[in-house]
Amino acid sequence: MKNKIILSVLVLFFTFCFIVLYKGLNNSNIYVPETKIEKTLIKFNSTDFYSGNKISSDQIFVGSEYYVLNIWASWCVPCRQEHPKLIKLSKNKSIKLIGLNYRDNPKNAKKFLNEFGDPYFMIIKDSKGMISVDLAAIGVPETFIINKDKKIIKRFLGSLNEKSLNEINLITK
Amino acid sequence: MKLSAFLLIILIIFNFTNLNSEENNDKIKNKISKNIRCLICQGQSVYDSESDFAVSIKLIIDKKLNEGLNENEIYDFLKKQYGEWITYDPEFNKKTFILWILPILLFFIGGAIILRKFIVQKL
Amino acid sequence: MLAHQIGHYSLILGFFFSILIIPISIKNFNKKNKIIDNKIFSISFFQFFFVLVSFFGLILSFVNSDFGNETVFNNSHTTKPLFYKISGTWGNHEGSLLLWLLVLTLFIFIFLIKSNNQPKKYRILTLLFQQVIIIGFFLFLLKTSNPFNYLFPTPKEGLGLNPILQDPALAIHPPILYLGYVGSSIIFSSSLAAVVAKHISTVWAKHIKFWILVSWIFLTFGIMLGSIWAYYELGWGGFWFWDPVENVSLMPWFCLTALLHCILVLEKRSTLSSWTIILSIATFMLSMSGTFLVRSGILNSVHTFANDPERGIFILIFLFILILFSLIIFFLFHKEKDQKIVKINWSSKEASILFNNWFLMYFLSVVLIGTVYPIFLDVLSSEKISVGPPFYYKLIIPFLIPFLFFMSIGPNLNWIKSEIKKIKTQIVLSFVISLLISFVILNQIGFVGLINSVLILVTFYLFFITIKDFFLKKFKNYSQIFSHFGFSLLILSILFNSILSSEKTINLKVGEEFSFREETIFFESIESIKNENYKSIIGNFKIKDKQNNFLQLKPELRIYNQPVMITSEADIKTTLYYDKFLVMNLVKDYEYFNVRYQVKAFMIWIWISIVILVIGGFLSLFQRSYEK
């Protein structure tokens with residue numbers, strides 16, 4: 001009798017483990033941060049890409065309803081794919097498109113812009129990658145929608161596509 | 001007697017992190033970066049990786065240390081930014097208490113079984 | 001091409017034989033005679049033989065770079081050195097499973113030959129249970145990961161082997177580790193068979209001890225090789241990262257080590273039989289779960305393998321069938337021989353072995369829970385957490401202290417009951433010596449924290465007690481003394497390694513230098529050499545110590561062409577006291593290199609002590625025959 005109880009408890013326990021592991025198989029083991037967030041931007045200081053002047057986040061995020069901050073680098077291959085979408089996005093007048101040049105060589109970055117066009121209203125430098133950590137970004141490319149209260153309301157990991165472009169246009173309408 | 005000694009030992013080791021705060025900057029930096037997961041790598045710590053993400057985190061750790069933050073404040077900052085996945089040292093909370101308690105519980109259960117079933121009580 | 005065909009067909013033939021064994025052995029089982037039919041021997045030999053042929057077929061396909069074979073295409077390249085073409089055979093999922101199968105069939109054949117002094121029913125049942133596992137693996141191999149998939153049209157060139165796997169230690173690491181894992185499958189089948197055949201006895205314990213020892217030796221050695229590989233090849237100067245894949249190999253090790261001690265109690269006092277069976281089952285189940293966790297890609301690990309969820313599901317189902325199967329057999333057939341359990345005295349060898357098992361099971365539960373908890377949490381609440389080194393240190397290190405203490409005292413106790421008074425002086429004397437030594441050492445290196453200090457003390461205690469035993473006990477039980485001595489040395493080296501090592505990371509251009517402690521490290525030059533399958537950039541570094549002795553270190557960056565990948569090869573200068581470890585990394589877009597210089601204390605002793613530990617196990621194999 002006692003044995004039967006132990007046996008059935010063990011069987012139940014292992015069945016539970018089986019179900020959990022079975023479900024776990026379909027989960028991804030790669031970190032995916034949340035994309036819908038409501039987080040106030042941490043203040044940061046940066047330098048302007050072209051002029052090299054010091055600029056603070058308070059000076060960057062002024063005078064518009066919405067901002068789209070795009071992290072890019074000339075060495076990043078998916079950024080090339082994404083670039084035409086950004087050019088398209090720059091036609092949207094209700095947003096300010098801000099580029100964050102991530103851990104890049106300025107010469108290469110300028111060459112990149114000359115070749116593919118410069119869609120950004122303004123580019124700031126993040127030569128050490130530390131501003132990206134303030135934004136809680138994990139890599140390039142990554143795009144954030146920021147509202148006038150300096151709150152991040154949405155983020156896109158990896159290259160922007162047609163769908164995410166529509167989403168941005170919808171949110172910032 | 002023995003049990004209380006165990007508990008004491010566990011308590012002492014939990015306070016260990018504070019003892020190390022007197023060590024020099026480099027050691028702390030390495031220690032922190034060993035306990036932080038490189039999010040874009042496969043199972044590597046920030047210390048072990050030279051990826052862009054890891055290098056940025058190392059710089060941030062440096063900067064925060066210079067700003068006067070201590071080890072735990074840096075973990076807290078990174079956890080706030082990236083979530084608990086980033087630290088290799090899970091904190092004790094309602095999500096993780098089973099993780100911390102279960103092995104110790106099993107240890108005591110095992111001890112109780114051994115005492116009751118096998119050992120002769122009187123010498 | 002021919003090798004590929006032969007390999008494929010003999011694999012299928014092998015499968016045919018492994019199914020054939022089942023009806024024949026059942027028929028033989030029901031016969032009244034006491035000997036096993038010769039047919040069974042020959043069929044199980046053929047089963048092994050054809051898997052062997054198939055394995056050679058795969059090796060030949062690799063050697064000939066036959067890219068018509070999908071496995072070869074995915075994992076090899078014409079420019080790869082011959083040695084790595086061969087080791088590439090088991091450096092991938094399909095090939096490693098074939099190797100696993102090869103060892104399975106080999107071991108059951110050896111078991112049949114070696115067990116002729118055991119009862120027939122028990123031997124046949126072991127064979128049957130083992131065949132269940134073998135057939136499971138055959139199905140797994142043929143269904144989800146056939147190493148002989150045909151590609152048409154034949155590609156001109158292969159994709160190459162991951163460069164970090166091109167390392168001598170890693171080339172032999174999987175086979176050795178598998179010998180350990182698969183050895184545990186024999187223990188599993190034979191203990192279930194012993195339960196069914198009611199053969200659990202001192203005789204059985206003596207007989208199965210051989211297999212436990214063999215698996216333990218290979219498993220220990222295999223884990224060490226993996227660790228050596230991580231140290232030399234991964235280039236971070238660490239040797240154990242508490243990475244899930246590493247933990248997975250440690251779990252059966254804890255279980256097997258517990259079993260190794262527990263079986264002694266069964267052998268000498270014929271008690272603890274249920275516990276022995278549970279450990280035997282658990283060891284193999286943990287080996288299988290290891291395979292599942294590693295191969296299914298459910299864990300985020302540095303040791304990446306090609307993953308495929310379908311394979312994961314297959315192993316998972318197979319694993320749980322085996323678990324249910326063994327649970328049912330255990331509960332249906334197993335009965336404690338006499339209901340009154342043999343009571344054990346506090347001051348006896350068996351009591352200390354119980355404590356050993358108690359602590360080993362605790363360490364096992366820490367590693368097991370730490371490894372799988374994140375999966376469970378993720379599935380049940382979608383929260384992601386990481387469990388890493390700090391968790392394991394906090395929960396394991398304090399418990400090592402009593403563990404090491406029992407380990408020192410235990411072997412000095414007698415079976416059944418011993419008079420503490422008799423051994424008191426020796427024990428106290430060793431304790432005083434170790435107290436003095438640790439005091440002197442701690443004075444030298446400064447305060448290292450309370451736990452570390454006590455740990456150093458008890459480890460020295462074990463160290464001196466084993467040395468004392470070695471000289472006082474003459475050659476009685478020398479295998480145990482060797483192993484325990486090796487273990488104390490291992491803990492000491494790990495402790496001092498972590499306390500005394502130092503390091504510096506710096507960005508450096510050619511021609512620059514930096515000073516560290518009392519040394520100056522000068523980056524003289526770089527040179528570039530073209531090799532067959534990679535291009536290497538070698539940095540020339542000169543290290544000057546305070547006596548003006550020079551040491552040349554040449555860390556290397558390798559740019560592999562197939563697949564394109566950059567690896568850093570550390571240059572390591574090993575002495576008995578420390579390793580000097582220098583590694584450099586490229587920094588994108590800059591002309592400087594990221595240089596990491598480490599002085600790792602007593603590194604070589606970690607490997608030496610594991611070798612001593614293994615030698616102890618090896619000696620035990622001979623000691624058994626010596627005792628007879």
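Please treat every number below as a calculation from the coordinates, not as lab data. This is a predicted model, so every value here is computed, not measured. Using ideal geometry, Cβ is built from the backbone for each residue, glycine included, and neighbour counts are taken over all protein chains shown.
Only helical runs count toward this figure. For the protein assembly as shown, summing -39,500 (n - 2.57) over DSSP H runs of n ≥ 4 and dividing by all residues gives -20000 deg cm²/dmol at 222 nm.
For the cross-link pairs A:LYS150/C:LYS588; A:LYS39/B:LYS94; C:LYS198/C:LYS268; C:LYS394/C:LYS600, which exceed 21 Å when the distance is taken from alpha carbon to alpha carbon?
Working: A:LYS150/C:LYS588 33 Å; A:LYS39/B:LYS94 24 Å; C:LYS198/C:LYS268 18 Å; C:LYS394/C:LYS600 23 Å.
Table pairs above 21 Å Cα-Cα are A:LYS150/C:LYS588; A:LYS39/B:LYS94; C:LYS394/C:LYS600.
Relative to the dominant Cα principal axis of chain A, helix A:106-116 is inclined by about 90°. Using the Karplus relation 6.51 cos²θ - 1.76 cosθ + 1.60 with θ = phi - 60°, the per-residue 3J(HN,Hα) values for the stretch A:142-153 come to 8, 10, 10, 9, 10, 8, 6, 7, 6, 10, 6, 10 Hz, with x marking Gly and Pro.
By the beta-carbon count within 10 Å of each Cβ, the least crowded to most crowded order of C:VAL132, C:VAL372, fewest first, is C:VAL132, C:VAL372.
Our coupling estimate for the stretch C:89-103, obtained by passing each phi through the Karplus curve with A = 6.51, B = -1.76, C = 1.60 and θ = phi - 60°, is 4, 9, x, 9, 4, 5, x, 5, 5, 5, 4, 4, 5, 4, 5 Hz, Gly and Pro reported as x.
Return C:ILE559, C:ILE317, C:ILE263 ranked ascending by Cβ neighbour count within 10 Å, so the fewest neighbours appear first.
On the way: C:ILE559 17, C:ILE317 13, C:ILE263 23.
Going from sparsest to densest Cβ surroundings: C:ILE317, C:ILE559, C:ILE263.
Across the stretch C:57-62, rounded Karplus estimates of 3J(HN,Hα) from the backbone phi angles (6.51 cos²θ - 1.76 cosθ + 1.60, θ = phi - 60°) give x, 5, 4, 4, 4, 5 Hz, Gly and Pro being marked x.
Projecting label points 7 angstrom from Cα along Cα→Cβ for A:LYS107 and B:ASN93 puts them 4.7 nm apart. By the rule of a C-alpha distance below 30 Å, with chain neighbours fewer than 8 residues away ignored, the lysines paired with C:LYS85 are C:LYS143, C:LYS156, C:LYS530, C:LYS535, C:LYS554, C:LYS573. Could you please state, rounded to a whole Å, how far the C-alpha centre of the stretch B:26-56 is from the C-alpha centre of the stretch C:520-552? Their Cα centres are 26 Å away from one another.
Amide hydrogen proximity for A:ILE153: with H placed 1.01 Å from N in the peptide plane, the residues at 5 or more positions away or on another chain lying under 5 Å are A:ILE145, A:ILE146, A:ASN147. A straight Cα-to-Cα reach below 19 Å connects A:LYS93 with the aspartates and glutamates A:GLU65, A:ASP118, A:ASP149, A:GLU162, A:GLU167, residues fewer than 8 places away in its own chain not being considered. P(r) tail for the protein assembly as shown: Cα pairs beyond 49 Å make up 28% of the total. Once you put a point 7 Å from the Cα of C:LEU551 and another 7 Å from the Cα of C:ILE172, both along the Cβ direction, what distance in nm separates them? Modelled inter-label distance: 2.7 nm. Altogether, the Stokes-Einstein calculation at 37 °C and 0.692 mPa s, with the Kirkwood radius of chain C over Cα pairs as Rh, returns a diffusion coefficient of 123 µm²/s. Centroid-to-centroid, using Cα positions, the stretch C:1-67 and the stretch C:568-621 are 42 Å apart.
Fewest-first ordering of B:PHE97, C:PHE148, C:PHE333, C:PHE55 by other beta carbons within 10 Å of each residue's beta carbon gives B:PHE97, C:PHE333, C:PHE55, C:PHE148. The mean number of Cβ atoms from other chains found within 10 Å of a Cβ in peptide C:285-294 is 1, as a whole number. Averaged over the residues of peptide C:235-245, the number of Cβ atoms from other protein chains lying within 10 Å of each residue's Cβ is 3.
Roughly speaking, what is the centre-to-centre gap between the stretch A:143-173 and the stretch C:390-431 when only Cα atoms are used, to the nearest Å? The stretch A:143-173 and the stretch C:390-431 have Cα centres separated by 63 Å.
For the stretch C:489-628, just say rounded, prolate or oblate: build the C-alpha gyration tensor, square-root its eigenvalues into a ≥ b ≥ c, call rounded for a/c under 1.5, and beyond that prolate if a/b exceeds b/c, oblate if not. Intermediate results must be reported in sequence, preceding the final value.
Details: a/c = 3.07, a/b = 1.68, b/c = 1.82.
Cα axes put the stretch C:489-628 in the oblate bin.
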